[in-house]
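Structure record follows, encoded as structure tokens.
The values are calculated or read from the model by the stated rules, or taken from the named source; none is laboratory data. A quick note: this is a predicted structure, and the numbers were derived from the prediction, not measured. Cβ placement follows ideal geometry from the backbone for every residue including glycine, while neighbour counts extend to all protein chains displayed.
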Amino acid sequence: MAQATATIPHIEQPRPQQAGGAGHGAGHDAGGHPPTSTGLDHRKLLMWAFLASDCMFFGSLIATYMIYRGRSEDLGTGPFPAEVIDIPYTSLSAFVLLMSSMTMVLALGALQRGNVRGTRVWLAATALLGSIFLGGQYFEFTEFFHEGLSLQTNVFGASFFTLTSFHGAHVTIGVIWLLSLLFVSLRGGLKQEDSLDVEIAGLYWHFVDIVWIVIFTLVYLIPYDEVEHAAEPAVEGMLRFAALLPF
């Protein structure tokens, strides 16, 4: 009896698959997406990589604007910045956009707590505030056109409209993204375990707000005669560095 028992082959138990493998191991998040070697979900890591490249893109645009911001006065071609820029009006638009960052945080927090209705409310509020900012930017552009400033008027107009228009395009993409999340939520496709989708959208939205803080400070608040000689060497170095990038 003992001899027969000894001949029974040993059957090994299957080992659990490692996190990040082909199966659905313990290292996967709630949505079935494995983390990267950094511990972050690959979608979140991809968004951070995109924001890093977009930061260099806006850095090159801002550097170009800073270099050419005073050249229109040197060439004697108006209208000049001091003649068209309305700081109080743009300050109000900036305040609206910054408040949208707060509502974005509230939307994410509500979904993480399982409050789907609150998420819908705050997503709608964020999209509304972004739309108000875009409406204010459109009104500002039309006023500048009436004053005679356009892309073809002078170097100030070309650099100003290029910089602010690209930022407005980013805000437009963000508003469409938020409305898409709201539509998915209304159809029941956005639950507590899907909070990463809102978090990734929030990363993009906060980036857009931070970029506007930089643009608003450099374009509207800093006097032109103080920046042209003090900041131009540093900005030229930034522009040379951006020119070496492959994008």
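Couple of notes before you dig in:
- Residue within region 142-161 that is modelled with pLDDT of 90 or more, of a type in the set (Asp, Glu) and closer than 17 Å to residue 95 by Cα present: no
- The number of residues in region 97-109 that are of a type in the set (Val, Ile, Thr) and either crowded, with 18+ Cβ neighbours inside 10 Å or more than 20 Å from the chain's Cα centre (by Cα) (or both) comes to 1.
- Residues of region 168-192 that are among the basic types (Lys, Arg) and touching a helix residue (DSSP H, G or I) at 6+ places or on another chain (Cβ under 8 Å): 191 alone.
- All positions within region 69-92 that are in a helix (DSSP H, G or I), in contact with a helix residue (DSSP H, G or I) (Cβ under 7 Å, 6 or more places away or on another chain), modelled with pLDDT under 90 and surrounded by 16 or more Cβ atoms within 10 Å (Cβ to Cβ): 72, 81, 84
- Residue match in region 119-135 (condition: surrounded by fewer than 21 Cβ atoms within 10 Å (Cβ to Cβ), assigned to a helix (DSSP H, G or I), free of Cβ contacts under 8 Å to residues at least 40 places away in the same chain and hydroxyl-bearing (Ser, Thr, Tyr)): no
- Looking only at region 98-118, and only at residues there that are free of Cβ contacts under 8 Å to residues at least 40 places away in the same chain and in a helix (DSSP H, G or I), the one that is farthest from residue 211 (Cα to Cα): 117
- Hits in region 34-68 (condition: polar (S, T, N, Q) and either assigned to a helix (DSSP H, G or I) or modelled with pLDDT of 90 or more (or both)): 53, 60, 64
- Applying the condition of being out of contact with any Ser or Thr (no Cβ under 8 Å at 6 or more places or on another chain) and in contact (Cβ under 8 Å) with a residue 24 or more places away in the chain to region 174-192 and asking which residue is farthest from residue 119 (Cα to Cα) yields 174.
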